[in-house]
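Note sheet for the following structure.
The values are calculated or read from the model by the stated rules, or taken from the named source; none is laboratory data. On a predicted model such as this, the values are computed, not experimentally measured, just so you know. Don't worry about glycine lacking a Cβ; one is built from the backbone with ideal geometry, like all the others, and counts go over all protein chains shown. Note: areas computed on protein heavy atoms with side chains; ligands, DNA, RNA excluded. Shrake-Rupley method; radii C 1.70, N 1.55, O 1.52, S 1.80 Å.
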Amino acid sequence: IKKNFLYTNQLWEGRPEVLKSIMDNFDGPINVLEIGVWFGEGSTQILLDYLPDNSILHLVDYWDNYISDHDLKDGLISTKLMNSVSKHAFSNVLNKVSLNSRLKINIHKGKSSDQLPFFRDKSFDLIYIDGSHYYSDVKQDVVNAKRLIKKNGIICGDDLEIFPNDEIYTYSKSHLTSDVVTFNGHSYHPGVLMAIYEEFKNIEMKNGIWWVK
C-alpha cells in the first residue's frame, strides 16, 4: 500500500474476479446490500456491471468524517485524507447511479449503524461489507448482516489480508482504533479480522475477499 496516495478504487488486483465468481451463484434478479461505497469505483462498480438485470441494490455509506483520532494523528497519510474527500466521493456515486438503467438502486446516506436497523430480517440474497474498518464498526456491520441475510444467501466483504487465527487475533486486540497495522511484516486491517473471527466459524478467503454461504 502506498503511504502517500489516496486511492478511489480500493478493490485491489485479483479481488474483482473473486467478487464476480461470488455473483455467479445467482441467476435471476437478487436483493443486494453493499455497506461501504466510497467513490463507487471498486466493488460497487463490479456490482453495477455484473449483477443480474433488475436486481435491487442498496448502497449504504456515511460519506462524512469517520477516521479515528488515533489514525488522524499517527495513521497513514492516505487514511488521513479520507475525511477530506467524502463529498467528492458521494458526488461520484450519484453520477454513476444516474447512468445505470439495469438495476433498481437505492442510496442510504448515513452511518450503517443508523441505517441497517430499518431493513427487514432475512431480506437480502447478497451482502457485501466494506465500510469502516474499525473493530466496533465492522462488528456491528457483521452482526446486522447475519440478521439481514436470507437462509441461502451469501455474506462477503473486503480487506481480510491474513487468515484469522488465535495468535493474530490476540495481537489485534491492542489495535482497536487502527485502520491498518503490521504483523510479521504484513499489513492488514485488525478490526476486520477480529470481527470475522468472532462471528463466523468457517469462512472462505481469496485475495483479501472473504465470504460465508
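Assorted remarks:
- Enumeration of residues in segment 30-45 that are charged (D, E, K, R) and either under 13 Å from I105 (Cβ atoms) or open to solvent by less than 10 Å² (accessible area, probe 1.4 Å) (or both): E34
- Single match in L19, L33, L59, L48 (criterion: closer than 13 Å to D130 by Cα, assigned to a helix (DSSP H, G or I) and modelled with pLDDT of 95 or more): L19
- In segment 159-198, the residues that are assigned to a loop (DSSP other than H, G, I, E, B), touching a residue at least 60 places away in the same chain (Cβ under 8 Å) and hydroxyl-bearing (S, T, Y): T177, S178
- Residues located in segment 62-74, provided they are part of a helix (DSSP H, G or I), open to solvent by 20 Å² or more (accessible area, probe 1.4 Å) and either of a type in the set (S, T, N, Q) or closer than 18 Å to Y135 by Cα (or both): D69, H70, L72, D74
- In the condition set (1) in a strand (DSSP E or B); (2) touching a Pro at 6+ places or on another chain (Cβ under 6 Å), C156 is compliant with all but (2).
- K201 without any contact (Cβ under 8 Å) to a residue 60 or more places away in the chain, over 16 Å from the mean Cα position of the chain (by Cα) and outside any strand (DSSP E or B): yes
- Residue check for D121: more than 26 Å from S21 (Cβ to Cβ) and open to solvent by 50 Å² or more (accessible area, probe 1.4 Å): yes
- Unmet criterion (only one of (1) crowded, with 21+ Cβ neighbours inside 10 Å; (2) touching a residue at least 40 places away in the same chain (Cβ under 8 Å); (3) touching a strand residue (DSSP E or B) at 6+ places or on another chain (Cβ under 8 Å)) for I149: (2)
- The lone exception for Y134 - which of (1) touching a residue at least 40 places away in the same chain (Cβ under 8 Å); (2) aromatic (F, W, Y); (3) open to solvent by 70 Å² or more (accessible area, probe 1.4 Å) it fails: (3)
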